[in-house]
Amino acid sequence: MIKEITQKLKMLVNDRELRRKTIFTLFIFLVFRIFAYLPVPAINLAKLRVLFAQNQFLSLLDIFSGGTLINFSVMALGLNPYINASIVIQLLTVLFPKLEELTKEGEYGRHKINQYTRALTLPITILQSVGIFVLLKNQKIITALSPLEFASFIFTMVAGTFILVWFGELISEYGLGNGISLLIFAGIVGRIPVALGRTVSTFNQELLFNVIAFLVLAVFVITAIVFINEAVRKIPVYYAKRIRGNRIYQAATNYLPLKLNQAGVIPIIFAVSFVLFPQLLGNFLIYAKNPILAKTASFIVQLFNPSGFFYNFFYFILVVGFTYFYTVIVFNPQKISEEIQKNGGFIPGIRPGIATKEYLGKILYKITTVGAIFLGVVAILPAIISKLTGITNLVIGGTGILIVVSVILETFKMVEAQLVMRSYEKFVR
């Protein structure tokens, strides 16, 4: 196994194109980390760090921003507005047939959908920038700004988010893998040493056993994530002998692979964006002059405490729901059954057409249920581990691990596919 990995890494280094893509991706990561430490003027960073140390919700939010929020850099909002815009656009594709048709039009359709997503990102970024400004002003972390300075602050926030989106698109086009996922991955990995440092600083002899148990559990979780991501249900598809023109095509057997986790890390990312919104809204309204509004906001903040039951229950439901939603978008049993029938194929014991569609839908429902529950449990794992081990300062948990492991696996698969393609090109020449 180690020998095989070493050989693939050697091939990666020797391949000129992949080496160029790797260097470009690492360069974008470096620029991203530099931007993460360029603070916005007029922010009292000392008070901001004190606020983050006292607020578990903000610490969790900082993990997914890659440290840009605690430093309040020009990229403080991170990719959150773009992810929210993507969620809205994907929901709209279900409601509006014209948008759904665009998703089926290949490269042109993807280009138009990306344009709509970027256009929607702008107002969402402006709204979130205003919300962050009001929150920081109420906490006396930001000084009073003139209208021109306020406009400059909003413009900086918007520019930072769009630069980050641009970085993601550059990686997708010229680098390795999906740029947005890789930037989220880079942000989480960049904050792991900080999160571990906080945890180690609180260790004592009484917690030693719990720390060992935590490390064992972490290894088990990573193994489970890899297993679930790689698990595939193979459905046999037979193709009868057929004649087309002057050619005779022999009978063949193939497999339709249905992954246990069709949606990948997308449900987790979507759910995080939704579950953090009530806390953001509550922190925004808690200083309202209206006492009823302020009390309601305070109740929302307490209700959606990251260590509380309701927050984790809501998070779990969102992850499961988004897993089903995204799987339906990615895998359409109706379309697959039509393609199988069009090519003269059939599943043994199942009639072509409607029966095949119902059979695939039934199988997909079963495996998606297992995958969705697994993702939901992984998402609320930090709260479970905190209750079992007593470790409360390790903010990064199942969600971060899932994103990191999944992105690594997907990137390595893409690299392996390109290496295989290069090997075939040698024979063609």
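Quick check on the stretch 196-219. Is at least one of its residues in a helix (DSSP H, G or I), open to solvent by 70 Å² or more (accessible area, probe 1.4 Å), charged (D, E, K, R) and modelled with pLDDT under 75? Yes, the stretch 196-219 contains at least one residue that is in a helix (DSSP H, G or I), open to solvent by 70 Å² or more (accessible area, probe 1.4 Å), charged (D, E, K, R) and modelled with pLDDT under 75.
Scanning the stretch 275-311 for residues that are touching a residue at least 24 places away in the same chain (Cβ under 8 Å), farther than 16 Å from residue 131 by Cα and touching a Phe, Trp or Tyr at 6+ places or on another chain (Cβ under 9 Å) returns 275, 303, 304, 305, 306, 311. Quick one: in the stretch 128-142, which of the residues that are open to solvent by 30 Å² or more (accessible area, probe 1.4 Å) and more than 15 Å from residue 81 (Cα to Cα) is farthest from the chain's Cα centre (by Cα)? By that ranking, first place goes to 140. Please enumerate the residues belonging to the stretch 90-127 that are open to solvent by less than 60 Å² (accessible area, probe 1.4 Å) and either in contact (Cβ under 8 Å) with a residue 60 or more places away in the chain or among the small types (Gly, Ala, Ser) (or both). Listed by number, the residues that qualify are 90, 93, 106, 109.
Within the stretch 46-85, work out how many residues are of a type outside the set (A, V, I, L, M, F, W, C) and at pLDDT below 70.
So in the stretch 46-85, the residues of a type outside the set (A, V, I, L, M, F, W, C) come out as 47, 49, 54-56, 59, 62, 65-68, 71, 73, 78, 80-82, 84.
So of that shortlist, the ones also at pLDDT below 70 come out as 54-56, 59, 62, 65-67.
Total meeting the criteria: 8.
For the stretch 314-338, give me the residue count where each residue is of a type in the set (Ser, Thr, Tyr), open to solvent by 30 Å² or more (accessible area, probe 1.4 Å) and modelled with pLDDT of 85 or more. Final tally of qualifying residues: 1.
Considering only the stretch 344-352, I want to know if a residue exists there that is in contact with a strand residue (DSSP E or B) (Cβ under 8 Å, 6 or more places away or on another chain) and either assigned to a strand (DSSP E or B) or free of Cβ contacts under 8 Å to residues at least 12 places away in the same chain (or both). Scanning the stretch 344-352 turns up at least one residue that is in contact with a strand residue (DSSP E or B) (Cβ under 8 Å, 6 or more places away or on another chain) and either assigned to a strand (DSSP E or B) or free of Cβ contacts under 8 Å to residues at least 12 places away in the same chain (or both).
The values are calculated or read from the model by the stated rules, or taken from the named source; none is laboratory data. Computed from a predicted model, the values in this text were never measured in an experiment. Glycine also receives a Cβ, built like all others from the backbone with ideal geometry; neighbour counts cover every protein chain displayed. Just so you know, the surface numbers come from the protein's heavy atoms only, side chains and all, with ligands and any DNA or RNA stripped out. Shrake-Rupley method; radii C 1.70, N 1.55, O 1.52, S 1.80 Å.
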